[in-house]
Amino acid sequence: MELKQTYAEEIALELNGLVELDEIVNLIEQPKSDTQGDLAFPCFTLAKAAKKSPVNIAKEQAQAISHPYFEKVVAEGPYVNCFYNKPDVSLVVMKEILHKDAGYGSSEIGQTKTVTLDFSSPNIAKPFSMGHLRSTVIGNSLANISEKCGYKTIRINHLGDWGTQFGKLITAYKLWGNEQQVKEAPISELLKLYVKFHDEAEKNAELANEARLWFKKLEDGNEEAQHLWKWFREESLQEFAKIYQLLDVEFDSYNGEAFYNDKMDEVVELLVEKHLLIKSEGADVVDLSDYSLPPLLIRKSDGATLYGTRDLAAALFRKRSYQFDQSFYVVGQEQTLHFKQLFLVLEKMGYEWPKDMVHVPFGFILKDGKKMSTRKGGVILLEQVIKEAIALAENNIAEKNPALPDKEEVAKMVGVGAIIFHDLKNDRQSNIEFSLSDMLKFEGATGPYVQYTHARARSILSKSAIDLTLLNPAGLNDPYSWPIIKRLLAFPEVISKSFDYAEPSQIAKYLISLAQEFNTYYAHVKILSEDIELEGRLALVQSVAIVLKEGLRLLGIKAPERM
Ligand code: ARG
């Protein structure tokens with residue numbers, strides 16, 4: 001919406017280029033209180049340029065501005081406050097939304113630019129943890145938001161399918177494993193083996209050495225090791241696929257750590273060439289003491305590479321393959337040090353693009369105030385949680401709306417919506433206490449509440465035969481529609497901010513406010529009564545439905561027509 005721009009142009013009109021238009025746009029504020037109008041312009045910069053007092057400048061400006069979108073413009077001290085003409089502005093907003101439909105809020109900020117997003121990235125042979133769920137839903141939403149802002153967006157699942165844990169797993173499988181059992185329940189069997197390995201290794205130091213040797217064999221292409229690794233990987237991927245299907249998440253690339261195995265030599269050579277590789281206790285590392293950070297481990301004494309080595313190779317590969325303008329890593333805050341080290345090493349290698357790489361950390365999921373750990377077996381099976389949410393939604397529908405068509409599909413949208421929204425409504429950095437009952441709540445600030453509000457709007461629209469695409473609704477002027485109009489007006493900015501801060505929660509919070517405002521409207525206004533504002537009210541309902549649905553889509557949540 002160009003209202004801010006229009007206001008800035010009006011201000012600029014009197015100034016003969018004294019201050020640049022862009023600067024004026026940037027200076028315009030959204031007043032905290034409605035009594036100060038809809039837009040406020042502080043005159044300090046103008047005053048300096050014009051060598052007048054800000055208060056006088058404000059007075060002059062307020063008198064000079066006159067535009068049909070602005071009902072009144074008044075000076076308040078050094079500020080010029082502008083009040084929208086409600087009927088006209090509401091009309092402009094609604095028309096734009098009806099016209100653009102789901103495209104409302106899209107921008108071209110990212111046009112011709114490419115973004116890569118590394119997210120989800122679970123570890124093979126381990127359960128898909130709550131932390132991976134957070135990465136998945138935050139990353140998926142950021143990818144949707146990034147596309148909405150016009151960026152070419154590459155979704156990458158950097159699978160944890162390589163590393164010393166596979167040495168441990170192969171060792172454990174050869175000692176205690178059973179093929180049939182692994183086939184029946186791959187992840188839980190492999191996890192059992194992994195846990196058992198750690199228990200036994202505490203008593204028997206030889207085990208750790210054996211695991212190390214097996215991983216080395218794997219890296220060197222040993223056939224038996226390769227065969228077992230492939231098998232574990234495939235079984236795990238099938239399990240993860242079930243979760244991605246439930247959540248409706250897709251990736252452009254599943255190039256995980258193993259993919260970089262044959263790209264490791266180049267990394268080591270580059271580091272040697274640039275005199276960055278030094279020996280430390282038998283291992284090869286890049287020293288980062290000039291940043292007061294521990295060194296990044298590149299190669300163990302037996303030549304085996306590490307997580308960081310593979311991330312260096314991945315960064316080089318991504319820059320070459322995608323020529324990204326920005327590269328995001330949606331990974332828990334416990335890896336903050338790792339990403340600091342990674343970006344600094346790339347910088348030391350002389351590249352200038354590490355400045356475009358961003359670690360997007362998020363908080364822990366706590367159980368009874370404590371971090372959950374895979375190693376101790378303290379995990380919650382995610383697929384179970386999602387299925388439980390869907391079952392609960394099914395019960396709700398059976399109780400409240402037994403005649404609903406596509407019940408199963410709607411239950412899936414609602415159950416999954418509850419889980420995704422429960423995560424995304426929180427600032428991503430805050431820790432979340434795991435609570436199944438909270439995740440399964442459908443009232444209050446929840447996904448199902450927003451979905452329900454959308455379905456309510458759709459149901460109102462279905463009761464009217466008026467074709468809104470053909471008509472010219474009259475503007476609205478009642479006290480309940482105005483907060484909605486202002487909220488709708490803010491949608492594009494909320495989207496671009498949520499991208500800038502990598503914070504989908506801004507959209508989630510926005511949707512809750514819009515849904516609440518709409519439900520207040522619904523409670524006070526007879527939407528379908530036959531009078532001259534009927535079409536305008538229907539246009540408002542339609543606009544709300546469009547924005548709720550699109551906002552949910554950006555979060556990765558579907559909006560059923562009925563529920
Ligand atoms: N697999 C890792 C983990 O579960 C996350 C990988 C994140 N991405 C990356 N490029 N390091 O901890």
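If you put +1 on each Lys and Arg Cβ and -1 on each Asp and Glu Cβ, how big is the dipole of the chain around its Cα centre, in Debye rounded to 20? Mind dumping the intermediate values first?
Values: 65 positive and 80 negative charges, 155 e Å.
With only Lys, Arg, Asp and Glu charged at Cβ, the dipole is about 740 debye.
Among DSSP beta bridges whose residues both lie in the chain, state the antiparallel percentage, nearest 5.
Details: 21 of 38 bridges.
About 55 percent, rounded to the nearest 5.
Amide H neighbours of K367 under 5 Å, at least 5 residues apart or on other chains, H built in the peptide plane: list them.
M372, F434
By how many degrees, 0 to 90 and rounded to 10, does the Cα axis of helix 264-273 deviate from the longest principal axis of the chain?
Here the helix axis deviates by roughly 90 degrees.
Report Rg(Cα)/(2.2 N^0.38 Å) for region 113-268, keeping two decimals.
Values: Rg = 17.3 Å, N = 156, 2.2 N^0.38 = 15.0 Å.
Here the Cα radius of gyration is 1.15 times the empirical estimate.
Quick one: Karplus J couplings for region 77-87, per residue in order, coefficients 6.51, -1.76, 1.60, θ = phi - 60°, nearest Hz, x for Gly and Pro?
x, x, 9, 10, 9, 10, 10, 5, 7, 4, x
How far, in degrees from 0 to 90, does helix 336-348 lean away from the longest principal axis of the Cα atoms of the chain, to the nearest 10?
Between helix and principal axis, roughly 90 degrees.
Listed highest first by mean packing, meaning other Cβ atoms within 10 Å per residue, what order do 501-514, 16-29, 541-554 come in?
In decreasing order of mean packing, 501-514, 16-29, 541-554 become 541-554, 501-514, 16-29.
Mind listing the long-range amide H neighbours of K113? Cut-off is under 5 Å, sequence gap 5 or more, other chains count too, H placed in the peptide plane at 1.01 Å from N.
Amide H to amide H, under 5 Å and 5 or more residues apart or across chains, K113 pairs with K152.
Any idea of W231's accessible area? Nearest 10 Å², probe 1.4 Å.
Looks like 40 Å² after rounding.
Please work out the Kirkwood hydrodynamic radius for the chain, using every pair of different C-alpha atoms, and report it in angstroms with one decimal place. Intermediate results must be reported in sequence, preceding the final value.
On the way: mean 1/r = 0.0372 Å⁻¹.
After inverting the mean inverse Cα-Cα distance, the result is 26.9 Å.
Say the dipole of the chain comes from +1 at the beta carbon of Lys and Arg and -1 at that of Asp and Glu; which of A258, L476, S120 then lies farthest toward its positive end?
S120
For region 6-20, just list the computed ³J(HN,Hα) in residue order, Karplus coefficients 6.51, -1.76 and 1.60, θ = phi - 60°, integers in Hz, with x standing in for Gly and Pro.
Per residue, the Karplus-derived 3J(HN,Hα) values read 4, 4, 4, 5, 4, 5, 5, 3, 7, 9, 6, x, 4, 10, 4 Hz.
How large a share of the accessible area of region 45-188, in percent, is made up of carbon and sulfur atoms when the probe is 1.4 Å and the other protein chains stay in place? Numbers along the way, then the final one.
Values: 2680 of 5590 Å².
Carbon with sulfur: 48 percent of the solvent-accessible area.
Which residues' amide hydrogens lie under 5 Å from the amide hydrogen of D287, considering only partners 5 or more residues apart or on another chain, with H built in the peptide plane?
Here I278 satisfy the definition.
Across region 549-560, in residue order, what do the Karplus-derived ³J(HN,Hα) couplings come to in whole Hz, using 6.51 cos²θ - 1.76 cosθ + 1.60 with θ = phi - 60° and x for Gly and Pro?
Working through the residues one at a time gives 5, 5, x, 4, 4, 4, 7, x, 10, 8, 10, x Hz.
Can you list which of the trypsin sites (Lys or Arg not before Pro) found in region 302-407 are DSSP loop residues with at most 13 other C-beta atoms within 10 Å?
Values: sites: R310, R318, K319, R320, K340, K348, K355, K367, K370, K371, R375, K376, K387, K400, K407; in loops: R375, K376.
In loop regions of region 302-407 (DSSP not H, G, I, E or B), the sparsely surrounded trypsin sites (Lys or Arg not before Pro) are R375, K376.
Filter the trypsin sites (Lys or Arg not before Pro) in region 1-108 to those in DSSP coil with at most 15 other Cβ atoms within 10 Å of their Cβ, and list the result. List each step's numbers first, then the result.
Numbers: sites: K4, K32, K48, K51, K52, K59, K72, K95, K100; in loops: K32, K51, K52.
Passing sites in region 1-108 are K32, K51, K52.
Sorted by packing (mean other beta-carbon atoms within 10 Å per residue), highest first, where do 322-333, 219-230, 409-420 land?
409-420, 322-333, 219-230
What does the convex hull of the Cα atoms come to per residue for region 477-563, in Å³?
Details: hull volume 8.1 nm³, N = 87.
Dividing the Cα hull volume of region 477-563 by its residues yields 94 Å³.
Skip the ligands, DNA and RNA, and give the accessible area per residue of the chain with a 1.4 Å probe, whole Å².
Values: 25860 Å² over 563 residues.
Accessible surface, normalised per residue, equals 46 Å².
Working from Cα positions, state the angle (0 to 90°, nearest 10) between the long axis of helix 54-64 and the longest principal axis of the chain.
Compared with the principal axis, the helix lies near 60 degrees.
Distance from the Cα centre of region 17-58 to that of region 127-152, in angstrom?
38 Å
Computing the accessible area with a 1.4 Å probe over protein heavy atoms, can you report the carbon and sulfur percentage for region 196-326?
On the way: 3240 of 6860 Å².
Solvent-exposed carbon and sulfur of region 196-326 make up 47 percent of the total.
Loop-only check: which GluC sites (Glu not before Pro) in region 456-538 are DSSP coil with at most 13 other Cβ within 10 angstrom? Don't skip to the answer; put the middle values down first.
Values: sites: E493, E517, E530, E533, E535; in loops: E530, E533.
Passing sites in region 456-538 are E530.
Would you work out the relative contact order for region 412-563, in percent, from Cα pairs under 8 angstrom that are 6 or more residues apart? List each step's numbers first, then the result.
Numbers: 176 pairs, mean separation 61.2, N = 152.
Relative CO of region 412-563 lands at 40 percent.
Compute the relative contact order of the chain as a whole-number percentage, counting only Cα pairs closer than 8 Å that sit 6 or more residues apart in sequence. Spell out each step's value before the answer.
Details: 898 pairs, mean separation 86.8, N = 563.
For the chain, the relative contact order is 15 percent.
In whole Å, how far is the Cα centre of region 422-468 from that of region 520-547?
First find each Cα centre; the distance between them is then 20 Å.
The values are calculated or read from the model by the stated rules, or taken from the named source; none is laboratory data. Here the structure is a predicted model, which is why all the values come from computation and not from measurement. In this analysis, Cβ positions are derived from the backbone assuming ideal geometry, glycine residues included, and neighbour counts consider all displayed protein chains. When the accessible area is computed, the model is the full protein with side chains, heavy atoms only, and any ligands, DNA or RNA have been set aside. Shrake-Rupley method; radii C 1.70, N 1.55, O 1.52, S 1.80 Å.
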